[in-house]
Amino acid sequence: MSKDKYFDQKEYLLGDSAFSTLSVMVPAFKKGHNANLSEERKYFNTKLVKIWIKSEHCIGLIKAWFQRLQGFWRVIQDKQD
């Protein structure tokens, strides 16, 4: 993926810790097996989670909206309807 083609210099995708770090992807920090995260990394993860929660709420609203639209398919039977 060409970063310059899709992103400006200071644009990135944010992801959870399942994602790998790439030139366009900034994932959450993972806690090591025998190590704790630094305060800076905990702070970053906290901020990232707040954004993640808002995006999940938006996705939920979109799903609810389109679920309501599914009912219209039952009413529309032909072009005249």
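Just checking, how many residues over the range 22-37 are surrounded by 12 or more Cβ atoms within 10 Å (Cβ to Cβ) and either hydrophobic (A, V, I, L, M, F, W, C) or in contact with a Lys or Arg (Cβ under 8 Å, 6 or more places away or on another chain) (or both)?
Counting residues in the range 22-37 that are surrounded by 12 or more Cβ atoms within 10 Å (Cβ to Cβ) and either hydrophobic (A, V, I, L, M, F, W, C) or in contact with a Lys or Arg (Cβ under 8 Å, 6 or more places away or on another chain) (or both) gives 7.
What number goes with the only condition from (1) in contact (Cβ under 8 Å) with a residue 24 or more places away in the chain; (2) in contact with a helix residue (DSSP H, G or I) (Cβ under 9 Å, 6 or more places away or on another chain) that Pro27 does not pass?
If we test Pro27 against (1) in contact (Cβ under 8 Å) with a residue 24 or more places away in the chain; (2) in contact with a helix residue (DSSP H, G or I) (Cβ under 9 Å, 6 or more places away or on another chain), just (1) comes out false.
Might you let me know whether the range 20-43 holds any residue that is in contact with a strand residue (DSSP E or B) (Cβ under 9 Å, 6 or more places away or on another chain) and of a type in the set (Phe, Trp, Tyr)?
Checking the range 20-43: not a single residue is in contact with a strand residue (DSSP E or B) (Cβ under 9 Å, 6 or more places away or on another chain) and of a type in the set (Phe, Trp, Tyr).
Bear in mind that the values in this text are calculations on the coordinates, not laboratory data. Predicted model only: the values in this text are computed from it and were never measured. All Cβ positions, even for glycine, are placed from backbone atoms using ideal geometry, and neighbour counts span all protein chains on display.
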